[in-house]
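Below: the structure, in structure tokens.
The values are calculated or read from the model by the stated rules, or taken from the named source; none is laboratory data. Since the structure is predicted, the reported quantities are computational estimates derived from the model, not experimental observations. So basically every Cβ, Gly included, is an ideal-geometry build from the backbone, and we count neighbours across all protein chains shown.
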Amino acid sequence: MKIGIPAERQARENRVAATPESVKKLITQGHTVIVEKGAGTKASFLDEAYEAAGAILKDAADAYSADIVLKVQAPMAEEFELIRAESVILGMLDPFDHVTAARIAASGATGFSLELAPRTSRAQSLDVLSSQSNIAGYKAMMIASNLYQRFVPMLMTAAGTVKAARVLVLGAGVAGLQAIATAKRLGAVVEASDVRPAVKEQIESLGAKFLDVPFETDEEREAAEGMGGYARPMPATWVKRQAELVHTRAAQADIVITTALIPGRPAPTLLSVETIKAMKPGSIVVDLAAGRGAEHEGRRGGNCPLTCEHEVVEHFGVKLVGFSNLASMVATDASSLYARNLLEFIKLITNSGGQLEINLEDDIVSATLLCQSGQLNKKFN
């Protein structure tokens, strides 16, 4: 089969869906790989490396003419005219963006949105959310330490002792756990909170203190169990108690990293305006949910309503970081991991002869199906 890799056209997107390493493996499996010229440049993969791996370098139209098209993000408006009805598109297609999902379906192509992969052992090797969130958590702490105007670790010098920075991580999914681990490597004192009691052991194993908000009702306990590995919206009673604890701890923290996202819903508010007011001047907030929170003053914030997507803003002496695509800021490694995820998924939709064979009886294939033959998956209608 022909496999095409177009360049990503979204602003601030530096990743690419295939690397020279993954191209070489695809060719070994008998596929022909067409890479758009310059597709990997922003991720430090030059055209010469793709050619050396055996790829054919052409333009975007040729990449989209392939049987399978590999993308990082959903196609933009100008790309839809290049999509063939017979093609299969793999990528993080943002299935909850109903306009884009409908346009992909209307193109006639078959689309697989890999962020819908179930959180199961079998799907781990193609879990794009985990591979990219892991990078985002690392980068969040590195950005915070760069903006923070003090040392992160404790230092004992002839001029006096410098206290270690206090870091608070809200949300202990993949991104949160990596943020915790990175903060500890840098020498910070770390606390973390999450609605799911099951992550307490993971948080403590990384050397952080778990902020426990006890459950008072069966409804709270049931919601905290989550669904499919993801958090669920919590009852208002629990949210109120958590907000009070977070307010107290954030006021004592030097760096706060928020990572709470719920698929298909606005991100929950974890840091109120009053909490930001209570924080110390010079504190840093890195909000991984920027642009996906509730609307505030005519725009969407994140886990904090004051966050501005794509910007670093300052309120009450606190810097709020709203970079919404942190994985793209580590584009080389992010692309390498993502390309391996795609390689694993391609195995599920091709047979031993390397030909397309979509088996919707496979739980991973059926879970990630966005559209087929012009029809949007019913769960997204």
Within the bounds of the stretch 33-50, is there any residue that is of a type outside the set (Lys, Arg), within 30 Å of PRO266 (Cα to Cα) and in contact with a Pro (Cβ under 6 Å, 6 or more places away or on another chain)? no
Log entry, pairs with first residue in the stretch 76-90 being under 17 Å from GLU13 (Cα atoms), second being modelled with pLDDT of 95 or more and of a type in the set (Gly, Ala, Ser), beta carbons closer than 9 Å, six or more apart or on different chains, reads GLU79/ALA60; LEU90/ALA17; LEU90/GLY111; LEU90/SER113
Of everything in the stretch 160-172 that's among the small types (Gly, Ala, Ser) and surrounded by 24 or more Cβ atoms within 10 Å (Cβ to Cβ), which residue is nearest to SER130 (Cα to Cα)? ALA172
Residue in the stretch 241-256 that is surrounded by the most Cβ atoms within 10 Å (Cβ to Cβ), counting only those that are hydrophobic (A, V, I, L, M, F, W, C) and at pLDDT 95 or above: VAL256
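Can you say whether LEU26 is at pLDDT 95 or above, outside any loop (DSSP other than H, G, I, E, B), more than 15 Å from LEU343 (Cβ to Cβ) and out of contact with any Phe, Trp or Tyr (no Cβ under 6 Å at 6 or more places or on another chain), as far as the supplied structure shows?
no
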Answer with yes or no whether SER44 is buried (at least 16 other Cβ atoms within 10 Å of the Cβ), polar (S, T, N, Q) and either at pLDDT 95 or above or assigned by TED's automatic domain parsing to the domain that holds ILE346 (or both). no
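Can you confirm whether the stretch 309-321 contains a residue that is part of a strand (DSSP E or B), modelled with pLDDT under 95 and either surrounded by fewer than 22 Cβ atoms within 10 Å (Cβ to Cβ) or outside the structural domain of LYS71 (by TED's automatic domain parsing) (or both)?
No, the stretch 309-321 contains no residue that is part of a strand (DSSP E or B), modelled with pLDDT under 95 and either surrounded by fewer than 22 Cβ atoms within 10 Å (Cβ to Cβ) or outside the structural domain of LYS71 (by TED's automatic domain parsing) (or both).
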Residue match in the stretch 346-361 (condition: of a type in the set (Lys, Arg), outside any strand (DSSP E or B), closer than 22 Å to HIS31 by Cβ and more than 19 Å from the chain's Cα centre (by Cα)): yes
Tally, over the stretch 42-67, of residues that are in contact (Cβ under 8 Å) with a residue 24 or more places away in the chain, at negative phi and not aliphatic (A, V, I, L, M): 8
Do any strands (runs of 3 or more DSSP E) lying entirely in the stretch 65-164 carry at least 1 residues that are more than 18 Å from VAL16 (Cα to Cα) and either of a type in the set (Val, Ile, Thr) or assigned by TED's automatic domain parsing to the domain that holds THR259 (or both), and which ones are they? 110-113, 155-157, 160-162
